[in-house]
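The values are calculated or read from the model by the stated rules, or taken from the named source; none is laboratory data. Since the model is a prediction, treat every value here as computed from it, not as a measurement. We place every Cβ from the backbone using ideal geometry, glycine too, and count neighbours over all the protein chains shown. The accessibility values were calculated without ligands, DNA or RNA, using every heavy atom of the protein model including side chains. Shrake-Rupley method; radii C 1.70, N 1.55, O 1.52, S 1.80 Å.
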Amino acid sequence: MSSILSQLQQQCADRLQSDPAFADVRVLTERIADIESEIERGLGPLNEQGGKNGLVAILLTPTASVNFENVFGPFFDEIKIAVRIIENVPVNQDPNTGTNFPAADAAEKICSLLHHFQPDSANGPVLAQKPAITLGNDPVHLSYDCHFATSGGLAVILPQAATPAFSVASGAYTLTCATAGAAIFYTLDASNPSPRNGTLYTAPFTPGTGHTLKARAFLAGYLISDPLITGT
């Protein structure tokens, strides 16, 4: 089974290859072992795409970053994706066998196809970055790099913290959570509790009457719990 990064890479490649604009363009993924020979075949006279040659698009290997390195997972907050378009200009501009699809135009089309594209393997859409297109450094051919990143990390399924429970003894409320290590925040005005809005539960408390107690549990690496709501 391929990794989620590989799935993301392949889904973006499939997105490009399925568009009619790329019917004559070879779309490759960098994980192919003989990628260099494949590129040369795509740019040269051999192994053409749809009877045409001179232009290739390469989905480079995605890179991942994390904002919370102490969270177990792994949970990747942002996945960076780059697509490199390489043009053998004389071959590509041949009216009979070239794709006649200039690299600059292809780069713009790539941005339009992948910007806001939602892969199954990502939590959020792919978004074009700044700069979206940069000139490549290929010493032989004309090339451009198109830059993207996912907005919500990979589709790693995170566990959810358990909903807090309460008990009452002599008017004092005790809050507990079945998720070990979770912090419980509560409010008494029915507003949503959070680390910025609410009180951190540390010991039993007496809220009085006529209030709406609302509590949620928080733990790094877990989704926020469903709320506990009860009157006092």
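Structure data summary
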quantity: Computed lengthening from E78 to L135, 0.36 nm per intervening residue step minus Cα-Cα distance; calculated: 18.2 nm
quantity: Table column - 3J(HN,Hα) (Hz), region 202-210, Karplus curve with 6.51, -1.76, 1.60, x for Gly and Pro; calculated: 10, 6, x, 9, 10, x, x, 10, x
quantity: Where D120, D138, D189 fall by accessible area, highest first, once all protein chains stay in place (1.4 Å); calculated: D120, D189, D138
quantity: Built amide H within the under 5 Å cut-off of F185, gap 5+; calculated: Y201, R216, F218
quantity: Residues with amide H under 5 Å from that of T29, placed H, sequence gap 5 or more; calculated: L59
quantity: Two-site FRET efficiency, D105 against E30, from Cβ-Cβ distance with R₀ of 22 Å, rounded to 0.05; calculated: 0.45
quantity: Amide H within-cut-off set for A132, under 5 Å, with H built and near neighbours excluded; calculated: none
quantity: In nm, spacing of pseudo-spin labels at A220 and D14 (7 Å Cα→C-beta vector); calculated: 3.6
quantity: Distance in nm between pseudo-label sites at I229 and T206 (7 Å out along the Cβ direction from Cα); calculated: 2.8
